[in-house]
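Everything on this sheet refers to the single structure shown next.
Bear in mind that the values in this text are calculations on the coordinates, not laboratory data. Computed from a predicted structure; not experimentally measured. FYI the Cβ positions are ideal-geometry reconstructions off the backbone, even for glycines, and counts take in every protein chain you see.
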Amino acid sequence: MVQKSARVKRTQRIAVVILTIAGAINFLDRSTLAIANHAVRTELGLSATQMGMLLSAFLFAYSFSQIPVGALIDRLGCRVMVGFGMLLWSLAQFSGGLAGSMEFMLGARIVLGVTETPLFPSAPKIVSDWFPLKERGRPQGIFQTCSTIGPAIAPPLLSGLMVGFGWRGMFMTMGGLGAVVAILWYVLYRNRDEVELTPEEVSYLEQGEAHQSRPKSISFAAWRSLALSRTTIGMTLGFIGVVYMSWLYLGWLPAYVEQRFNLTIAQAGWILSVPYVFATIATFSSGFIVDWLARRGVSTINSRKLPICVGLISASVFTVGVAFANSVTSITILLSIVFAFLYTAAGAAWMLVAVAAPRHLVGSLGSIMACGAFLGGAFAPLITGIVVDQTHSFVGAFLSAAVVASSATLVYVFVVRAPITVSEATIEGTPDLVVPH
């Protein structure tokens, strides 16, 4: 077995550690408006529907930015796209603290959505660049913990900042923190094609892969072939279930718990941290689960599909329980179960991106999937706000999310069947490219 060099080890550690920190800040910044929901609505005079519009605005901007950003990731590399994207989203986050009207906050949230786009599509590309095929589950799983670590620490951390500095000071503080990490990433990380690798290092990184020579350029025909692939369509539609349910909770759960059980912001913050601890453990474990299944002969695609499907259907069932929970204890237990299953599915879904397409198209695949999925999931906060204004209850919103997630399970089962192939006619300068099972 080929051993990895000290340089590759160092690059792997830098990539995973800083990416995970950046991802946690990414989710903290997304969570600021949800944590400050009541304070912002009161100061700016907003209805639940208007707050839903602000929460959804981020997601619509995030989804529509995925396609062009994915193409830029494959062309410019992750060092530039992650570094500058994070710097710009930190400026947008800071500006949210200056908002004096819904329109100003709406603009800040749209810019935040656009500039946060590069991080998650970049992660599977970075993993596929710096880890061999059989080792990609664990680093991707570690990175995916950012999607639960961020929301886990958001309630107590952001609530504490609000108590100390107000909601505006909380927005500005998070913007400054992100800018520091953005600079750190750009200084320390290098793209694979920026490093002159030894033959031994190349041999280590390409273990288990069919021979792939990098194309001179990615043609529109190749991109179209990727976008119209049955597997790409299935992954996109299926991931809507993950995004819709996660954003119902991420956008509205703090306000729901405060309202339903008459809690203060601080009390709700500590209660909501508990389910995200379970979500973090599940996300971290998802990488080991995927690698464990792969080592036991489960195909590359199915080793990702199985955790996705089990996670989504289980999260749907227990979300029905959340809708009718009548005590702080019962909802904390149910949410912990829901989040454990939901974020297992989320982690495995992004791991599927890293193995479902030729390496040079992984960034584009991730952006296509995220574009469609976040476009569908973007309706979750808005629909929830409308339901709350019309019914004065969250029950209908929870049941709708359960239906969406369980339907997504069927898509993964029946549509996502095989790795994506790109024909010779669609690639300039390469033979047929096929990702192995």
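Counting only other residues whose beta carbon sits under 14 Å from that of Cys146, what net charge do I get with K and R as +1, D and E as -1?
Every neighbour counted, the sum reads -1.
Among residues other than Leu161 whose Cβ falls under 13 Å from its Cβ, what is the net charge (Lys/Arg +1, Asp/Glu -1)?
Summing Lys and Arg as +1 and Asp and Glu as -1 gives 0.
Would you mind checking the tilt of helix 119-130 against the longest principal axis of the Cα atoms of the chain, expressed as 0 to 90 degrees and rounded to 10?
Approximately 30 degrees, to the nearest 10.
Report, please, the projected area of segment 67-213 averaged over directions, based on the convex hull of its C-alpha atoms, in nm².
Working: hull surface 41.4 nm².
Projected area, direction-averaged: 10.4 nm².
Taking only Cα atoms, what is the 0 to 90° angle, nearest 10, from helix 102-115's long axis to the longest principal axis of the chain?
That works out to roughly 20 degrees.
So what's the gap between the Cα centers of segment 340-416 and segment 88-165, to the nearest angstrom?
Result: 17 Å between the Cα centres.
In a solvent-free Debye calculation with one equal scatterer on each Cα, what is log10 I(q)/I(0) for segment 182-315 at q = 0.13 Å⁻¹, listed in the order of the q values?
The Debye formula, applied to the Cα set alone, gives -0.98.
Pick the calculated semi-axes √(5λ) of the Cα gyration tensor in Å for this structure from (1) 35, 23, 20; (2) 52, 29, 18; (3) 42, 25, 18?
Correct label, based on the coordinates given: (1).
Quick one: how many lysine pairs does the chain have with C-alpha atoms less than 22 Å apart and a gap of 8 or more or different chains? Give me the count, please.
Close lysine pairs found across the chain: 8.
Going by alpha carbons, how many degrees (0 to 90, nearest 10) lie between the helix axis of 379-391 and the longest principal axis of the chain?
Orientation of helix 379-391: about 20 degrees from the principal axis.
So what's the net charge close to Pro381: Lys and Arg +1, Asp and Glu -1, counting the other residues with Cβ under 12 Å from its Cβ?
+2
Among Gly269, Trp247, Leu228, whose Cα lies farthest out toward the positive end of the dipole of segment 199-341, if unit charges sit on the beta carbon of Lys, Arg (+1) and Asp, Glu (-1)?
It is Leu228, whose Cα lies furthest towards the positive end.
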